[in-house]
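The values are calculated or read from the model by the stated rules, or taken from the named source; none is laboratory data. Worth saying up front: this structure is predicted, and the values here are computed from it rather than measured. Cβ placement follows ideal geometry from the backbone for every residue including glycine, while neighbour counts extend to all protein chains displayed. In case anyone asks, the SASA skips ligands and DNA or RNA and just uses the protein heavy atoms, side chains included. Shrake-Rupley method; radii C 1.70, N 1.55, O 1.52, S 1.80 Å.
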Amino acid sequence: KAFHRNPPLLSLAQPGALASPCRSPMPQPTIFVAATRQHVGKTTVSLALMSGLQKRFNKVGFLKPVGQQHLPVRDESGNQLRVDKDVQVMKEYFKLDHVPYSAMSPVIIPSGYTARYIDGEVSNEAQCAAIRRAHETISSGSDVVLAEGTGHVGVGSVVE
């Protein structure tokens, strides 16, 4: 019902274009799936795009710059870290072995995150730097990058 009124938006950023949210040059083409509300099909669109992109490119990267629903996983070295749930689905289902978990979910918004930001424990610069590094890492080993936005505009609003 909501999907028909407000479908996810797709944006293709060309190499060298300025990226949002942290205004970083993009070394590889990046497709960003976004929406103005939750539960309108971003992940479904991302799954379909990933399937199609993998048929056309050798290595497709995936990034969820800001995640809100996270779970523990083991990285390539066996260390435990938390990533957005959609990152785990994409990496495991599509066998994205060339993309490290640590880069796929650079900013997690757990309970209390906004208060930590207001208290100065988390900085906008650190968040932007983490997203830039993650995109650069994924882009350097991929032919194209698929990025999925977060649930809605209020989530992670402390992230530029």
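Computed quantities for the displayed model
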| quantity | calculated |
| --- | --- |
| Whole-Å semi-axes of the range 46-160's equivalent ellipsoid (Cα gyration tensor) | 25, 14, 13 |
| Per-peptide average of other Cβ atoms within 10 Å, ordering 95-103, 139-147 highest first | 139-147, 95-103 |
| Label-point separation, ALA129 to SER77 (7 Å along Cα→Cβ), nm | 1.9 |
| Ranked packing of 118-130, 56-68, 29-41, most packed first, by mean Cβ within 10 Å | 56-68, 29-41, 118-130 |
| Solvent-accessible area per residue, Å², over the range 45-108 with all protein chains present [probe radius 1.4 Å] | 50 |
| Accessible surface of the range 40-95, 1.4 Å probe, proportion on carbon and sulfur as whole % | 50 |
| Under-5 Å amide H pairs with LEU146, H placed in peptide plane, nonlocal only | ILE31, GLY61, PHE62, LEU63 |
| Where labels lie 7 Å past Cα in the beta-carbon direction, separation of ARG116 and SER51 in nm | 3.6 |
| Cross-link reach list, lysines versus LYS55, counting only Cα pairs under 27 Å and skipping chain neighbours closer than eight places | LYS42, LYS64, LYS85, LYS91, LYS95 |
